[in-house]
Amino acid sequence: KQVLTDAMKQNNAPQNVRDQNSKEFLTLLKRINNFLEVEKQKPFTIVALESDEAQLQLPNGINIGGRIDRLDFCQGVYRIVDYKTGNCNEEKLRKKISIQDIETLFTKSKTYPKEAFQALFYAYIFKKLHPENSYQPNLFFIQLFGNDANRTTLDIGGEELITFDDELLTQFEEKLLQLTNAMISAEQ
């Protein structure tokens with residue numbers, strides 16, 4: 001409770017929210033405890049937090065990258081973890097972490113799975129930078145931890161994505177190059 005109180009104070013949370021009996025404080029404390037209980041189920045080693053290492057130049061000269069929330073090593077695989085703190089219910093969760101195929105990520109539909117794209121984007125970058133390693137993209141929806149819906153891995157074509165393999169890398173890169181080449185052409 002004291003760590004949460006200190007963090008709230010440091011981030012200028014209003015006093016009524018910092019009150020340890022407030023609804024907001026108790027809800028956040030419960031989510032943190034649920035998150036920690038889930039985390040204890042699979043031992044892991046933190047490799048990086050808030051890392052800018054995800055930077056790469058594509059073959060067409062475009063620089064891409066971003067800041068990953070967490071990279072850890074768990075059961076022989078590097079997990080790329082993207083924390084999602086916005087509202088999400090179990091139905092939305094299934095849609096956000098399930099995609100038909102890689103091409104789905106590059107469509108202009110209104111159901112564009114931006115969370116899945118971001119996780120796979122980081123997996124692509126890390127696999128290109130360190131092809132000898134196995135990577136698994138993960139989405140951690142904080143509000144759902146402690147529920148039955150705390151699955152974090154993506155589904156592609158109905159199959160759970162255990163590792164971002166060379167086949168996915170090739171498919172993702174092909175679509176990413178098509179997209180960035182179209183962007184370059186549009187600017188000229």
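The values are calculated or read from the model by the stated rules, or taken from the named source; none is laboratory data. Values in this document were obtained by computation on a predicted structure and should not be read as measured data. Neighbour counts run over all protein chains shown; Cβ positions are idealised from the backbone, glycine included. Only protein heavy atoms, including side chains, enter the accessible area calculation; ligands, DNA and RNA are left aside. Shrake-Rupley method; radii C 1.70, N 1.55, O 1.52, S 1.80 Å.
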> Hey, rough spin-label estimate for Asn16 and Arg67, points 7 angstrom out along Cα→Cβ, what's it come to in nanometres?
Replying inline: 3.1
> Per residue, what accessible area does the chain have, given a 1.4 Å probe and all protein chains present, in Å²?
Replying inline: 60
>> Can you tell me the length gained on complete extension of the stretch Thr107 to Asn60, counting 0.36 nm per residue apart and subtracting the Cα distance?
In response: 14.8 nm
> Is the shape of segment 1-83 rounded, prolate or oblate, going by the alpha carbon gyration tensor and its root eigenvalues a ≥ b ≥ c, with a/c under 1.5 for rounded and a/b larger than b/c for prolate?
Replying inline: oblate
>> Taking just the alpha-carbon atoms of the chain, what radius of gyration and Dmax come out, in angstrom?
In response: 18.5, 59
> Quick one: if you stick a label point 7 Å off each Cα along the C-beta vector at Glu24 and Lys1, how many nm between them?
Replying inline: 1.8
>> Contact order normalised by length for the chain, with contacts defined as Cα pairs under 8 Å and 6 or more residues apart; what percent is it?
In response: 20
> 222 nm [θ] for the chain, helices only, -39500 (n - 2.57) per DSSP H run of 4+, per residue, to 500?
Replying inline: -12500 deg cm²/dmol
>> Can you compute the modelled spin-label distance between Val47 and Cys74, with each label point 7 Å from Cα toward Cβ, in nm?
In response: 1.4
>> Given Cβ point charges of +1 (Lys, Arg) and -1 (Asp, Glu) and nothing else, what value in debye, to the nearest 20, does the dipole of the chain about its Cα centre take?
In response: 840
>> Using the Cα centre of segment 20-70 as origin and beta-carbon charges of +1 (Lys, Arg) and -1 (Asp, Glu), tell me which of Val47, Leu36, Gly61 is placed farthest towards the positive end of the dipole.
In response: Leu36
> Which sequence of Glu24, Glu167, Glu187 reflects their accessible areas, 1.4 Å probe, from the largest down?
Replying inline: Glu187, Glu167, Glu24
> With charges set only on the Cβ (+1 for Lys and Arg, -1 for Asp and Glu), what does the dipole of segment 26-81 come to about its Cα centre, in debye to the nearest 20?
Replying inline: 260
>> Which one, Pro113, Gly76, Ala13, projects farthest toward the positive side of the charge dipole computed for the chain from Cβ point charges (K/R +1, D/E -1)?
In response: Ala13
